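Visitor: The structure's right below; bear with me while I get my questions together.
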Amino acid sequence: MIQGISIYEILTLTSIIFFIGLYGFLTRKNLITMLLSIELILNASAINFVVINTYLYPDVLQGVFFSIFIVAVAAAETALAVAIIINLYKLITSVEVEDTETMKY
């Protein structure tokens with residue numbers, strides 16, 4: 001389907017992107033970098049939907065619709081998370097995960 005690129009190469013690339021996002025989420029202490037890591041995970045899964053759909057069923061666009069849905073959910077999640085991070089920064093003037101534990105309710 002895609003000239004000169006096999007499905008194994010694309011799936012390898014998306015697996016690398018997914019695990020970079022997973023590693024970033026588990027090791028980072030900053031809320032913004034954790035949010036970026038979640039975005040990497042979601043983008044890797046969206047690419048997987050499109051690629052697998054293209055190789056298995058080239059005439060059907062279900063993978064594209066799933067990836068559009070993932071992008072829409074990621075945009076809503078990002079807007080909500082950034083709003084929470086901004087409000088948290090106004091309260092404790094930090095976006096580090098450890099500093100959120102000292103927050104008084």
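Visitor: Among the residues of segment 64-105 satisfying the criterion of being among the β-branched types (Val, Ile, Thr), part of a helix (DSSP H, G or I) and within 15 Å of Thr33 (Cα to Cα), which is nearest to the chain's Cα centre (by Cα)?
Guide: Residues of segment 64-105 that are among the β-branched types (Val, Ile, Thr), as a first pass: 64, 68, 70-71, 73, 78, 82, 84-86, 92-93, 95, 97, 100, 102.
Then drop every residue that is not part of a helix (DSSP H, G or I), which leaves 64, 68, 70-71, 73, 78, 82, 84-86, 92, 97, 100.
Narrowing the set further to residues that are within 15 Å of Thr33 (Cα to Cα) leaves 78, 82, 84-86, 97.
On the way: Thr78: 10, Val82: 14, Ile84: 18, Ile85: 17, Ile86: 20, Val97: 19 Å.
Here the answer is Thr78.
Visitor: Checking Ala83 against (1) within 22 Å of Leu22 (Cβ to Cβ); (2) modelled with pLDDT of 85 or more, only one condition comes out false. Which one?
Guide: Just one mismatch for Ala83, condition (1).
Visitor: So, one more: Give the number of residues within segment 12-59 that are in contact with a helix residue (DSSP H, G or I) (Cβ under 7 Å, 6 or more places away or on another chain), among the hydrophobic types (A, V, I, L, M, F, W, C) and over 21 Å from Ala81 (Cα atoms).
Guide: Qualifying residue count for the region: 6.
Visitor: Would you say Phe69 is surrounded by fewer than 17 Cβ atoms within 10 Å (Cβ to Cβ), over 20 Å from Ile10 (Cα atoms) and among the aromatic types (Phe, Trp, Tyr)? First the steps, then the outcome.
Guide: Working: surrounded by fewer than 17 Cβ atoms within 10 Å (Cβ to Cβ): yes; over 20 Å from Ile10 (Cα atoms): yes; among the aromatic types (Phe, Trp, Tyr): yes.
Taking the combined requirement at face value, the residue satisfies it.
Visitor: Then there is this: Assuming Glu96 fulfils every condition listed in (1) touching a strand residue (DSSP E or B) at 6+ places or on another chain (Cβ under 7 Å); (2) free of Cβ contacts under 8 Å to residues at least 12 places away in the same chain apart from one, which condition is it?
Guide: Glu96 satisfies all of (1) touching a strand residue (DSSP E or B) at 6+ places or on another chain (Cβ under 7 Å); (2) free of Cβ contacts under 8 Å to residues at least 12 places away in the same chain except (2).
The values are calculated or read from the model by the stated rules, or taken from the named source; none is laboratory data. A quick note: this is a predicted structure, and the numbers were derived from the prediction, not measured. Heads up, the Cβs are rebuilt from the backbone with ideal geometry, glycines too, and the neighbour counts pull from every protein chain shown.
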